[in-house]
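S.K.: Pasting in a structure now, in structure tokens, and then I'll have a few things to ask.
The values are calculated or read from the model by the stated rules, or taken from the named source; none is laboratory data. Fair warning: this is a prediction, and the values are worked out from it, not measured in the lab. Glycine gets a Cβ as well: all are built from the backbone with ideal geometry, and neighbour counts include every protein chain shown.
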Amino acid sequence: MARPIGRWLTKLRRDLRFAAGARVAPFAPRIPREREAALLPTRRLVVREVVRETPDAVTLWLEDPTGAAVPFVAGQFFTLMVPVGGEILRRAYSASSSPRDPSKVGLTIKRVASGRASTHLVETARAGDALEVLGPSGNFTLASGVTAPLVLVGGGSGITPLISILREVLETEPGRAVTLVYANRTPHDVIFARALEALAAAHAGRFVVRSLFGATLDAAAFAAELTKIPFVADAEIYVCGPEPMMHVVREVLASRAVPASRIHEERFVSPQARAAKPARSAGAVRVKIRLAGKEHDVLVPPGRTLLEAGLAANVAMPFSCALGGCGACRVKVRAGKVEMDEPTCLTEDERALGYVLACVGTPSDGAIVEAS
Ligand code: FES
């Protein structure tokens, strides 16, 4: 009994401290394609419609061809297995639609510079395409039982999980006020411009959009926008966008002494950053993975994660997003160490207790970890 409660508390703490939406850490595939397909418990969804949001962004409306529901919580993301050039690229994309209609889910994808998966999807996705999907995953979700007003702070495609949260709140919590501060390079880059306008008109008096434009988020301009929000002192603040923008937001909120417990961030490692990192070891390392009362000797090749190596060795390690954003692959380090790519959704409390995320972790030789 103690253990489920402990995990629930940890999840609650994670919900309160972080949140992750997009958007966590896609990683380069290192398991052979045919083997990966056999190892991962994906489900197949079909593209029913492709809606172009901006020249660089589309929304893919996905349905289960069997008619089964596609449930998710506002703010969560799905991991798509995107076949590009003979490889499967895993990429996390947040749901932008309302979870109130589980018959379909809208995933909004913006082309990123040198992003192979996003470019492929934005340029070639068509109605009728089938996609293998993991998830939903992620804890960038509304804390249950909290009814404080909301300030949503988005940058570029960071709007994606925020608009799902926005839709959920506007549909289900009529008394809750929401302000969206939305930063973009130019007005042409604004995703969901018309949808946001329509929502603001339909919910005038409790939903306001404040737009900022520029190559980077200007701290003084952001601080000035905050002062115009009457309920900002009591608000729960959800932030999602590129790291430079998140950094500015953190600094401004810290200068206003906003408690960390009221700030929810989507945390992720960019695929480019991960791909650019050299392998931490020159050769393969041996680890022991304990799971369900058994101990498995696993060889981790250079550049592979603990999860990849465990799955390749047929150890049924739990996971969901495989991107560092949901916590499902959490393992406890019993000996040696496991270095992780950052940032992830792991809380400071979990780190202090010796937990790591296997999907973004690389073990030292001789490490022993315990999965649950
Ligand atoms: S954090 Fe989601 S599977 Fe590792």
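S.K.: Filter region 182-241 for residues that are among the charged types (D, E, K, R) and part of a strand (DSSP E or B); which is farthest from ILE165 (Cα to Cα)?
M.R.: The selected residue is ARG210.
Conditions (1) within 10 Å of the ligand (Cβ to nearest atom); (2) modelled with pLDDT of 95 or more; (3) in contact with a strand residue (DSSP E or B) (Cβ under 6 Å, 6 or more places away or on another chain), marked per residue:
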position	(1), (2), (3)
CYS321	yes, no, yes
GLY327	yes, no, no
ASP341	no, no, no
GLU350	no, no, no
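S.K.: OK, next. Among the candidates THR108, THR79, which residue alone is of a type in the set (S, T, N, Q), within 18 Å of the chain's Cα centre (by Cα), buried (at least 22 other Cβ atoms within 10 Å of the Cβ) and modelled with pLDDT under 95?
M.R.: Of the residues listed, the single one that is of a type in the set (S, T, N, Q), within 18 Å of the chain's Cα centre (by Cα), buried (at least 22 other Cβ atoms within 10 Å of the Cβ) and modelled with pLDDT under 95 is THR79.
S.K.: Next question, about the same structure. For GLU171, which of the numbered conditions (1) buried (at least 20 other Cβ atoms within 10 Å of the Cβ); (2) at pLDDT 95 or above fails to hold?
M.R.: (1)
S.K.: Can you find a residue that is β-branched (Val, Ile, Thr), closer than 26 Å to GLU53 by Cα and at pLDDT 95 or above anywhere in region 201-215?
M.R.: So far as region 201-215 goes, yes, one or more of its residues are β-branched (Val, Ile, Thr), closer than 26 Å to GLU53 by Cα and at pLDDT 95 or above.
S.K.: Considering only region 242-262, state which residues are in contact with a helix residue (DSSP H, G or I) (Cβ under 6 Å, 6 or more places away or on another chain) and either closer than 13 Å to LEU152 by Cα or in contact (Cβ under 8 Å) with a residue 60 or more places away in the chain (or both).
M.R.: SER261
S.K.: Take the residues of region 96-133 that are part of a loop (DSSP other than H, G, I, E, B) and of a type in the set (Asp, Glu): which is farthest from ALA69 (Cα to Cα)?
M.R.: ASP129
S.K.: Do we find that VAL300 is more than 15 Å from the ligand (Cβ to nearest atom), of a type in the set (A, V, I, L, M, F, W, C), out of contact with any His (no Cβ under 6 Å at 6 or more places or on another chain) and on the phi < 0 side of the Ramachandran plot in this structure?
M.R.: yes
S.K.: Checking SER281 against (1) of a type in the set (Ser, Thr, Tyr); (2) modelled with pLDDT under 90; (3) buried (at least 19 other Cβ atoms within 10 Å of the Cβ): exactly one of these is not met. Which one?
M.R.: Failed condition: (3).
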